């Protein structure tokens, strides 16, 4: 399976998630078995996740530290980054174009990380 079909996104709603951990295979098996999600490897350390209609697709990412990061769809990525900083957050990953989407990551005042995705 290639890249999962893109789903319509709601502005200011969840549009993507990343599940991270040190090994992809156990995570792939866990989420496929538990929820029936389709997990398609896309290269070293990265696999796309297709979920049922009505919920966002995501990815499983190989990283040393486990984490779960949600992506929120915004109208204007630059404005959202500026507002996040003004409201006490910080930019963790500057605006990036990965070929599929333009995104950035912010931390809220407590340090929780969110991905912002340009609509």
Some residue of the range 43-63 being in a loop (DSSP other than H, G, I, E, B), at pLDDT 95 or above and under 27 Å from residue 84 (Cα atoms) = yes
Matching residues, the range 94-115, being under 15 Å from residue 15 (Cα atoms) and in contact with a helix residue (DSSP H, G or I) (Cβ under 8 Å, 6 or more places away or on another chain) | 102, 103, 104
Looking across the range 62-80 at residues that are closer than 24 Å to residue 40 by Cβ and exposed (fewer than 11 other Cβ atoms within 10 Å of the Cβ), the single one that is nearest to the chain's Cα centre (by Cα) is 66
Within the range 22-42, tally of residues that are assigned to a loop (DSSP other than H, G, I, E, B) and exposed (fewer than 14 other Cβ atoms within 10 Å of the Cβ) | 3
Having 2 or more residues that are free of Cβ contacts under 8 Å to residues at least 12 places away in the same chain and closer than 21 Å to residue 59 by Cβ is the bar; report the strands (runs of 3 or more DSSP E) wholly within the range 73-119 that clear it.
-> 90-97
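The values are calculated or read from the model by the stated rules, or taken from the named source; none is laboratory data. This structure is a prediction, so every number in the text was calculated from the model and none was measured. Quick reminder, even Gly has a Cβ in these numbers, built from the backbone with ideal geometry, and neighbours come from all protein chains shown.
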